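Note sheet for the following structure.
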Amino acid sequence: MLARTALRSTRTFASAKNGAFQFAKRSASTQSSGAAAESPLRLNIAAAAATAVAAGSIAWYYHLYGSASAMTPAEEGLHATKYPWVHQQWFKTFDHQALRRGFQVYREVCASCHSLSRVPYRALVGTILTVDEAKALAEENEYDTEPNDQGEIEKRPGKLSDYLPDPYKNDEAARFANNGALPPDLSLIVKARHGGCDYIFSLLTGYPDEPPAGASVGAGLNFNPYFPGTGIAMARVLYDGLVDYEDGTPASTSQMAKDVVEFLNWAAEPEMDDRKRMGMKVLVVTSVLFAMSVWVKRYKWAWLKSRKIVYDPPKESATRH
Amino acid sequence: MVRLFCALSPIVWEHANANRAFSIYILFRKNTAFLGAVFAGAFAFEVAYDNGMDKVWDKINKGRQWKDIRHKYVEAEE
């Protein structure tokens, strides 16, 4: 049945070339005479022609492009390993000690190329830094003032309401400094990348010592199997002992990657702690309410559900009519 | 919370008819008293529930939140 339909549509397509009126005539007369008019010979020719066209177009594609290699693992990037992030559990907050370490890694390593332009200093207060620390950090940078009486824009030290400064003046400057590659803003990077935390952690720790045999790495690029296309402009940056953690945690590559990923997750979802706490309250109260409503329903229906229908046959009477 | 009380009220009402002498069912005789009881109960429950759940939350996340590590950095500066 399916083959029949396919054949018929091929024939329709071929006849459409001859003129629209024929096509219209044909669809108008499909029910009455269409099936009866097709001879087996014409059907066979149509099937052979369609097969030849299909096989020919596949052969042509192979001739042009060599192989049908779309969406290969190299193009997609290796699937990131699933890691058991504690902060991703339903009822767990961020580990704020880790956020503090991650912010240190960002400041000392990532911030030289990557901006974090959606995070103001005030967001760091009470989650990562104390007020005094955040103020001191903000004052290290200069920001533009509002125009003064002469219309001049001056510089002032940063305040808590300022946003973290960008490493480059604009995207063009960033590309120029990085061999044409634009380091993405990291504010929402955990939400913006497929695989989120797992992907970024795998990317940061996944640089091999040298590219595998046969892999082609473009000029100025580095090989990373987790990066879609495998050629990434960013070189490996995290090496053991790169930063000196204030809390004495050994700064291994994976420790730094884990901390900075958790920090970036915080940057993308600063509301997560409160959201999950509210979610827990909602889940608890709604499950109690649901249980109560089930109980009330059973209570109300009890008379109906517990009744017994008995068939009481008419008494057999002794007299027969 | 209002919904909860409304869901319960018919049941309680039946009991109220049975134990008219019992003092708590005075609430269900006058509508103003009933409504007042609902709002007051909702308010009290809200406060108690929030505080209780926050305690549970802090227990689950002991040592992870900023308030657990804050003392390290605030004392160091003073």
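Only DSSP H runs of four or more residues enter the estimate; each adds -39500 (n - 2.57), and after division by the residues of chain A the mean residue ellipticity at 222 nm equals -15000 deg cm²/dmol.
Take the alpha carbon gyration tensor of chain A, find the square roots of its eigenvalues, order them as a ≥ b ≥ c, and report rounded if a/c is under 1.5; if not, report prolate when a/b exceeds b/c, else oblate. Since a/c reaches 1.5 but b/c is at least a/b, the shape of chain A is classed as oblate. Taken over region A:191-321, lysine pairs spaced eight or more positions apart, or on distinct chains, with alpha carbons under 24 Å apart number 6. Per residue of B:51-64, other chain Cβ atoms within 10 Å of the residue Cβ number 4 on average. Placing +1 on each Lys and Arg Cβ and -1 on each Asp and Glu Cβ, with no other charges, gives region A:158-240 a dipole about its Cα centre of roughly 160 debye.
With contacts taken as Cα pairs under 8 Å at a separation of at least 6 residues, chain A carries a relative contact order of 19 percent. Would you give the gap between the C-alpha center of region A:109-170 and the C-alpha center of region B:34-68, rounded to a whole Å? Measuring centre to centre over Cα atoms gives 37 Å. Within the straight-line cut-off of under 20 Å between alpha carbons, the aspartates and glutamates reachable from residue A:155 are A:139, A:140, A:142, A:144, A:146, A:166, sequence neighbours fewer than 8 places apart in one chain being disregarded.
Based on the Cβ-Cβ distance from residue B:43 to residue A:283, what FRET efficiency comes out when R0 is 22 Å, to the nearest 0.05? For residue B:43 and residue A:283, the calculated efficiency is 0.50. With a Förster radius of 30 Å applied to the C-beta separation of residue A:178 and residue A:122, the computed FRET efficiency comes to 0.50.
For chain A, a simple Cβ point-charge model (Lys and Arg +1, Asp and Glu -1, everything else neutral) yields a dipole of about 3680 debye relative to the Cα centre. For residue A:192, put the label point 7 Å out on the Cα→Cβ axis and report which residues of region A:215-257 keep their amide N under 18 Å from it. Counting only backbone N, you get A:227-229, A:232-235.
Length gained on full extension, residue A:318 to residue A:75: 78.2 nm, using 0.36 nm per residue less the C-alpha separation.
A short reminder: the numbers here are calculations on the coordinates, not readings from a lab. Just so you know, these numbers come straight off a predicted model, no measurement behind them. Note that we place each Cβ from the backbone using ideal geometry, even for glycine, and neighbour counts take in every protein chain shown.
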